[in-house]
2 protein chains.
Amino acid sequence: MLVTMGRVAEERVQAAVEGLVAGDRSQILDVVDGDKPINDLQMDVDNRCVTLLALHQPVAVDLRFVVAATRVSADLERIGDLAVNIAETALRYIEHRPIKPLIDIPRMSTVAQRMLTIALEAFLERNASLAESVLLEDDQLDDLNGQVFRELLTYMLGNTQAIEPGIDLILISRHLERIGDHATNIAEDAIFVTEGRDSRHGVGRR
Amino acid sequence: MLVTMGRVAEERVQAAVEGLVAGDRSQILDVVDGDKPINDLQMDVDNRCVTLLALHQPVAVDLRFVVAATRVSADLERIGDLAVNIAETALRYIEHRPIKPLIDIPRMSTVAQRMLTIALEAFLERNASLAESVLLEDDQLDDLNGQVFRELLTYMLGNTQAIEPGIDLILISRHLERIGDHATNIAEDAIFVTEGRDSRHGVGRR
């Protein structure tokens, strides 16, 4: 179920950004309206975890895995919400004349989607070193976000018509940065399950 | 421990917004640098929950409470992160000449803090009707956020000097809106624990 959630979450982020780049209103609307499957999956995962704990009383690594699975499902559901946020902002953006070709935002999306795929794989395979690689990629996403912000600000200062669409692109790049944060959470849970070590907040991080 | 986390999270949000309104750089810096206690508390809560599950194998409402407690601690920790985000943005904002007196942003902060206090009380006292009242307040916060956005846009379109600080205030009002989302998550977990009913995603919501 987590694999399915991960795949759905990634597809929705990709569809939102593709719809933005192509100015494809109907593709964007599909993302805005398509949040139900991932929400249902989250509730199924949580119910399954509670049942597992009640019936099988797992211990050690299995117990950590089940507890962490409810956190991972929450992260995946939030990524689905962020895809909706991107799509809602994209709907407003495409009403304006484009400011510039969109290069860095699709790049941010690619990085965020890859982080998500690898983090989830690390969690499910209990591979801590794979999870560590995700933590390193988050810096790249933060750098791209800063770059997008500074570039858009320049356009906005030079042309008032760029202000409204510029704000929208700044918000979209923030949403993508937050998707990277959720992928990082999943990677940290992979380390927690595998090594019983809490790498959150930099504790025990290399 | 959750009570302490809630109190710390609320104080940090309040301090960040007060620092913003007063233009008090040193108060803002205290928020930027003060994330460790709440992060440590989150890890303590999670470890305690895993230990509780392993040693006492709770069932029914107690089991749901322990599983939900790890989600609530994650929400409280994210609220602490958002206080840092507000403070970081405020640091940049106070370098500029103020655009306008800040009225709606402190109001949003008051609503978000009250939602958090009530949601946590509902969770700890297992009071579902109190939790329902939090779900209703979230709309108020979304409305204020929309109002802040439109008003700032007017200033930015009329005066290029308002563009940079305007973006900062838009980002801060988004952070406050997200604090309301986390309070909503906690309220939904209160309903889940108390009634075994999943009110997330509007399921079973009045």
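Below, the figures for the structure above:
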item: Number of positions in the stretch B:1-60 that are within 12 Å of another protein chain (Cβ to nearest Cβ) and on the phi > 0 side of the Ramachandran plot; result: 2
item: Residue tally, condition surrounded by 19 or more Cβ atoms within 10 Å (Cβ to Cβ) and either within 23 Å of residue A:173 (Cα to Cα) or basic (Lys, Arg) (or both), over the stretch A:9-51; result: 12
item: For residue B:204: the one exception among (1) at pLDDT below 95; (2) part of a helix (DSSP H, G or I); (3) within 14 Å of chain A (Cβ to nearest Cβ); (4) out of contact with any helix residue (DSSP H, G or I) (no Cβ under 6 Å at 6 or more places or on another chain); result: (2)
item: Some residue of the stretch A:88-100 being buried (at least 16 other Cβ atoms within 10 Å of the Cβ), within 20 Å of residue A:185 (Cβ to Cβ) and either touching a residue at least 60 places away in the same chain (Cβ under 8 Å) or at the interface with chain B (Cβ under 10 Å from one of its Cβ atoms) (or both); result: no
item: Given (1) more than 21 Å from residue B:82 (Cβ to Cβ); (2) within 12 Å of another protein chain (Cβ to nearest Cβ), index of the condition residue A:189 fails; result: (1)
item: Candidates B:117, B:194, B:110, B:154 - the one that is of a type in the set (Val, Ile, Thr), buried (at least 17 other Cβ atoms within 10 Å of the Cβ) and in a helix (DSSP H, G or I); result: B:194
item: Residue list for the stretch B:120-140, filter: at pLDDT 95 or above and buried (at least 19 other Cβ atoms within 10 Å of the Cβ); result: B:120, B:122, B:123, B:131, B:134
item: Failed criterion for residue B:146 (all others in (1) of a type outside the set (Phe, Trp, Tyr); (2) without any contact (Cβ under 8 Å) to a residue 12 or more places away in the chain; (3) surrounded by 15 or more Cβ atoms within 10 Å (Cβ to Cβ) hold); result: (3)
item: Residue check for residue B:77: over 15 Å from the mean Cα position of the chain (by Cα), in contact (Cβ under 8 Å) with a residue 40 or more places away in the chain and in a helix (DSSP H, G or I); result: no
item: Test for residue A:82: is it surrounded by 23 or more Cβ atoms within 10 Å (Cβ to Cβ) and part of a helix (DSSP H, G or I); result: yes
item: Any hit, the stretch A:93-114, residues being under 30 Å from residue B:52 (Cβ atoms) and either modelled with pLDDT under 95 or of a type in the set (Gly, Ala, Ser) (or both); result: no
item: The listed residue being part of a helix (DSSP H, G or I), closer than 24 Å to residue B:189 by Cα and at pLDDT below 95, out of B:13, B:50; result: B:50
item: Condition met for residue B:180 (within 11 Å of chain A (Cβ to nearest Cβ) and touching a residue at least 40 places away in the same chain (Cβ under 8 Å)); result: no
item: Out of B:137, B:164, sole residue that is facing another protein chain (nearest Cβ under 9 Å) and part of a helix (DSSP H, G or I); result: B:164
item: The stretch B:58-70 - residue that is in a helix (DSSP H, G or I) and surrounded by fewer than 18 Cβ atoms within 10 Å (Cβ to Cβ) and, of those, modelled with the highest pLDDT; result: B:62
item: Restricting the stretch B:5-46 to residues that are farther than 24 Å from residue A:200 by Cα and among the charged types (D, E, K, R), the residue that is nearest to the chain's Cα centre (by Cα); result: B:18
item: Those residues of the stretch B:61-74 which are more than 9 Å from chain A (Cβ to nearest Cβ) and among the hydroxyl-bearing types (Ser, Thr, Tyr), in sequence order; result: B:73
item: Residues that are among the small types (Gly, Ala, Ser) and either part of a helix (DSSP H, G or I) or touching a residue at least 60 places away in the same chain (Cβ under 8 Å) (or both), drawn from the stretch B:21-37; result: B:22, B:23, B:26
item: Residues of the stretch B:120-134 that turn out to be among the charged types (D, E, K, R) and outside any helix (DSSP H, G or I), as a count; result: 1
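The values are calculated or read from the model by the stated rules, or taken from the named source; none is laboratory data. Model, not experiment: these values are computed from the prediction. Note that each Cβ is placed from the backbone with ideal geometry, even for glycine, and that neighbours are counted across all protein chains shown.
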